[in-house]
Amino acid sequence: MAGRAWRTALGTLAVLALAGCGGRDTSSGDDWRSQFKEVKIAISGTNDDPQLVKRRETYKAYLGKALGVPVRLYESSDYNGVIQATSSGQVDFATLAGGGYANVDAQVGNKVAPLFTTRQAEGETGYYSTLVVKADSPVRSLADMKGRSLGYVDYNSTSGYLYPRAAMRKQGVEPDTFFGKTSFAGAHTQAVMALANGQFEGAILQASGGTPETGFTRGPLRTLARQGLIDLKDFRTVWSAGPIPSEVLVTRTDRPQALIDLVRGAMAALPYDEPQLWTDIGQLDGSAYTAVTREHYKEIIDLRREELAHRRNGGGKS
């Protein structure tokens, strides 16, 4: 079963590797291992959650076994750390949100290319940006937030800044003048806790595993609730925007094609070869990786360009 899944995934993705990545083949076969004593992958996150650290270590061991060389995870507590490590070539692969990839694309173009995003069992490849308030707040809609304080996640966050601002403008709300005060929390978890502590009257947060109509099963609210740090009944979602293209695994295209192909095969086979590991690293049952190209993130790339132009033209607050 595992061997068949591996061979099928690798055979199917070999063609995609040549067509979708455009990597420069600097070595062939196993020769790349003489140049790469370890493979470096950048991810955003912290070591605050011991369970998350354990999952990453298990995931790292799986990929290291598949590649035949050690894998080192470079973790950054903020979005910009992963973006700069990827753009500068300090790492070979990285997991980026759409806005982060748009930033990297603007810096280095086709030196970095998308490989995979996650497709849910229902076929979804996106998630949502939500406006969340405390349950006892008088705010019932985006319109009710006029003049009130709002917490964004990070300037480089797709769901926590870039995408919702564009969605607001489409609805006739100029986010730079509509709210009484805005600031950055630094990460989704911090945004939830700041909202809980009354630092903001509303916060922009990521949500997934559902739709605005059906409700969501994943996101920072659910994660913190499972950890016992908050009670979901203390919060309400009053507005949403999306779906937004999910985060993407990217590669530096100046890495050996043989290495890129192996990573493609290993990642594609993961949910089939190691279903328990797949769920252990936080993926939903029935989901899998699906190959994507730059075109999948074109909307986000365009939105980032528009946001920068808006700020250059004096639209942003100082």
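Of the residues in the range 149-162, not one is surrounded by fewer than 21 Cβ atoms within 10 Å (Cβ to Cβ), β-branched (V, I, T) and either at negative phi or in contact with a Cys (Cβ under 8 Å, 6 or more places away or on another chain) (or both).
Name the single residue, out of those in the range 231-254 being among the β-branched types (V, I, T) and touching a helix residue (DSSP H, G or I) at 6+ places or on another chain (Cβ under 8 Å), that is nearest to Y163 (Cα to Cα).
Here is the first cut: in the range 231-254, the ones among the β-branched types (V, I, T) are 237-238, 244, 248, 250-251, 253.
Checking which are touching a helix residue (DSSP H, G or I) at 6+ places or on another chain (Cβ under 8 Å) leaves us with 238, 244, 248, 250-251, 253.
Details: V238: 16, I244: 8, V248: 16, V250: 20, T251: 24, T253: 27 Å.
Checking each candidate, the answer is I244.
Suppose we filter A94, A85, A66 for residues that are at pLDDT 90 or above and outside any helix (DSSP H, G or I); which single one remains?
Numbers: A85 fails: outside any helix (DSSP H, G or I); A66 fails: outside any helix (DSSP H, G or I).
Just one listed residue meets the conditions, A94.
Evaluated against (1) modelled with pLDDT of 95 or more; (2) within 28 Å of F235 (Cβ to Cβ), S77 falls short on exactly one condition, (1). Contact annotation: residue pairs with Cβ atoms under 7 Å, 6 or more positions apart or on different chains, pairing a residue in the range 67-87 that is under 22 Å from V153 (Cα atoms) and touching a residue at least 60 places away in the same chain (Cβ under 8 Å) with a partner that is polar (S, T, N, Q) and assigned to a loop (DSSP other than H, G, I, E, B), are S77/T46; Y79/N156; Y79/S157; N80/N156; I83/N156.
When residues in the range 211-242 are screened for being exposed (fewer than 12 other Cβ atoms within 10 Å of the Cβ) and of a type in the set (S, T, Y), 2 of them pass.
Sort out which residues of the range 165-188 are among the β-branched types (V, I, T) and more than 12 Å from S149 (Cα to Cα), and write them in order of number.
So the first thing to find is which residues in the range 165-188 are among the β-branched types (V, I, T), and the list is 173, 177, 182.
Selection gives V173 alone.
The values are calculated or read from the model by the stated rules, or taken from the named source; none is laboratory data. Computed from a predicted model, the values in this text were never measured in an experiment. Methodologically, a virtual Cβ is constructed for each residue, glycine included, from the backbone with ideal geometry; neighbour enumeration extends over all protein chains shown.
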